[in-house]
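See structure below.
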Amino acid sequence: MSKRNDIMNTTLDLIDEEGLQSVTFAKIMKRANVGSGTIFNYFGGKEELVNEVYRKVRIHMGETMLEGYDPQLELYERFKGIQLNRLRFAINFPKEYRFIDSYSYSPYISADIRNMEDESREAMESIIVDGQKQGMIREMNVMLCHQIIHGIITSVVRGYQIDKYPLNELQVHQTMEACWKAIKV
C-alpha cells in the first residue's frame, strides 16, 4: 500500500474513532508512521485530505452499489439490487458508511466533492423517475425519495451494528420491502 493510501486509511480510522474535529495531523502522522513532509506532499491541508477520503469512499460505495446492476431488469428488481448492495456495503464497510453518513452534509466537505458524479446515484434516480413515469413510485422530489430510502437503510444498519436485532435474510427482505413501500404508490 502506498503512503498516500496509508494516510487516507489512517485518517478514516481516526475520524471513525474520535470524530473529525479531534483528528490532527500529529495524530495522523504518528499512526500512519509518516512525517509532515509526506502528508503535505500529497495534501495541502486537513480539509483537502478529508475531502479526498470522502471522494474515495463515495467512489467505493458507488461501485459496490452497482455490482450486478442490470438496467434491463424490471423496476423493482433494479431497485432491490441497488438497495441490497447499499445495505451490504454498510455492513461490510461500516467505517466508510458511517463516514459518508456523518459527513455528507458537513460544511467540511466541499460542494464539488459532495455533488460529484456518481453512477449509482444516477442509476437510482433513473429508477425513481422511471417508476414515477410508470405510476409505480410517488410523485415527489427525486432526491427526497432517494433520501427516504437511504434513511431507512441507515437506521436499520445502525440498529444492527449495536446488536438491537439480527440482520438475517428475513430482516433484509423486510427492510427492502419497507424501502419500496415507503416510495411506491
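None of the figures in this text is laboratory data; all of them are computed from the coordinates on show. Predicted model, so just to flag it, every value in this text is computed and none were measured. In this analysis, Cβ positions are derived from the backbone assuming ideal geometry, glycine residues included, and neighbour counts consider all displayed protein chains.
Structure above, values below:
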read-out	value
Computed FRET value (nearest 0.05) for residue 173 with residue 26, which takes r as the C-beta separation and R₀ as 41 Å	0.30
Cα-Cα over 21 Å, subset of 56/164; 80/181; 3/30	56/164
Using a Förster distance of 35 Å, the FRET efficiency for residue 181-residue 105 (Cβ separation, nearest 0.05)	0.85
Label zone at residue 130, where the point sits 7 Å out along the Cα-to-Cβ direction: segment 79-120 residues whose backbone N lies under 12 Å	79-82
Overall dimensions of segment 137-185 as given by Cα atoms, namely Rg and Dmax in Å	11.9, 36
Selection of chymotrypsin sites (Phe, Trp or Tyr not before Pro), segment 93-136, meeting DSSP coil and at most 10 other Cβ within 10 Å	105
In Å, descending, principal axis extents of the Cα set of segment 39-98	48, 22, 13
Reported label for calculated volume of the Cα convex hull per residue in Å³ given [x] 149; [y] 194; [z] 128	[z]
Interchain or long-range residues, amide H under 5 Å from residue 137's placed H	132, 185
Neighbour cut-off at most 13 other Cβ (10 Å), DSSP loop, GluC sites (Glu not before Pro), segment 1-74	67, 74
Hull-based mean projected area of segment 1-105, where the convex hull spans the alpha carbons, in square nanometres	7.6 nm²
All aspartates and glutamates inside 18 Å of residue 133 as judged from Cα atoms, apart from same-chain residues fewer than 8 positions distant	74, 77, 122, 125
Shape box of segment 1-62 [Cα atoms, principal axes, largest first, Å]	32, 23, 20
Relative contact order %, segment 1-117, counting alpha carbon pairs below 8 Å whose residues are six or more apart	28 percent
